[in-house]
2 protein chains.
Amino acid sequence: MATSTTITVSGMTCGHCVASVKEEVGALPGVTSVDVDLESGRVTVDSEGPLSREQLDAAVAEAGYEIVA
Amino acid sequence: MATSTTITVSGMTCGHCVASVKEEVGALPGVTSVDVDLESGRVTVDSEGPLSREQLDAAVAEAGYEIVA
């Protein structure tokens with residue numbers, strides 16, 4: 001069940017921030033790609049199944065950031 | 001948390017089938033749009049949050065069809 005989820009993450013300021021978010025979110029089960037737009041904070045996550053807000057919150061927090069929308 | 005989920009539904013043969021699927025899937029909580037391609041059976045569901053496979057299975061079954069992928 002192909003799923004694409006879009007979240008907005010605050011606090012990312014450089015490529016290292018982007019890499020951290022990609023690494024943590026990309027490690028969630030079933031995730032096939034993570035695309036981050038640094039300027040807008042928009043993160044698009046493609047996955048094989050639905051991801052819960054809780055899973056995404058935890059992964060983004062692990063990277064050191066926060067989902068704001 | 002904007003979510004787009006793509007499923008494939010078997011058995012739809014005409015515009016009435018499409019309308020039934022749109023109605024049932026569109027009634028799931030948080031769903032903002034349902035796009036159906038009759039030829040391929042591809043159904044794209046945009047929603048404000050994640051939808052579970054169980055919710056989608058139930059809605060498609062209520063319309064009289066089945067998710068095959």
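The values are calculated or read from the model by the stated rules, or taken from the named source; none is laboratory data. Everything quoted here is computed from the prediction, not taken from an experiment. Counting neighbours? That spans all protein chains shown, and the Cβs are built from the backbone with ideal geometry, glycine included. Side chains are part of the model used for accessible areas, which takes the heavy atoms of the whole protein and leaves out ligands, DNA and RNA. Shrake-Rupley method; radii C 1.70, N 1.55, O 1.52, S 1.80 Å.
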Practice problem: Roll a 1.4 angstrom probe over the protein heavy atoms and tell me the percent of accessible area of chain B that is carbon or sulfur. | Solution: 47 percent
Practice problem: Compute the acute angle (0 to 90°) between the alpha-carbon long axis of helix A:53-63 and the principal axis of greatest extent of the alpha-carbon atoms of chain A; round to the nearest 10°. | Solution: 40 degrees
Quiz item: Using alpha-carbon pairs under 8 Å, 6+ residues apart, how would you state the relative contact order of the stretch A:3-67 in percent?
Solution: 44 percent
Quiz item: Which of B:Thr44, B:Thr13, B:Thr32 moves most in a GNM of chain B, Cα contacts under 10 Å?
Solution: B:Thr13
Self-check item: Sparse-neighbourhood loop sites, GluC sites (Glu not before Pro) in chain A - DSSP loop, at most 10 other Cβ within 10 angstrom
Solution: A:Glu39
Quiz item: What size of dipole, in debye to the nearest 20, comes out for the protein assembly as shown about its Cα centre when the only charges are +1 on Lys and Arg C-beta atoms and -1 on Asp and Glu C-beta atoms?
Solution: 80 debye
Practice problem: Using only protein heavy atoms and a 1.4 angstrom probe, determine the accessible area buried between B and A, summed over both sides, in Å² to the nearest 100. | Solution: 900 Å²
Practice problem: Provide, for q = 0.13 Å⁻¹, the log10 of I(q)/I(0) from a solvent-free Debye sum over equal Cα point scatterers in the protein assembly as shown. | Solution: -0.57
Quiz item: Does anyone have the angle between helix B:15-26 and the longest principal axis of chain B? Alpha-carbon axes, 0 to 90°, nearest 10?
Solution: 20 degrees
Quiz item: Given label points at 7 Å from Cα along Cα→Cβ, what nm distances, shortest first, separate B:Ala61 from the same residue in every other copy?
Solution: 3.4
Quiz item: Under a Cβ-Cβ cut-off of 11 Å, what is the net charge of the residues other than B:Asp35 that fall near it, where Lys and Arg count +1 and Asp and Glu count -1?
Solution: 0
Quiz item: Taking only DSSP H segments of four or more residues, each worth -39500 (n - 2.57), what value at 222 nm results for the protein assembly as shown once the sum is divided by all its residues, to the nearest 500 deg cm²/dmol?
Solution: -10000 deg cm²/dmol
Quiz item: What is the magnitude of the charge dipole of chain B about its Cα centre, with +1 placed on the Cβ of each Lys and Arg, -1 on the Cβ of each Asp and Glu, and no other charges, expressed in debye to the nearest 20?
Solution: 60 debye
Practice problem: Within the set of other residues whose C-beta is less than 15 Å from the C-beta of B:Gly49, count the net charge using Lys and Arg as +1 and Asp and Glu as -1. | Solution: -3
Quiz item: For labels at A:Arg53 and B:Ala69 in the simple 7 Å Cα→Cβ model, what's the distance in nm?
Solution: 3.2 nm
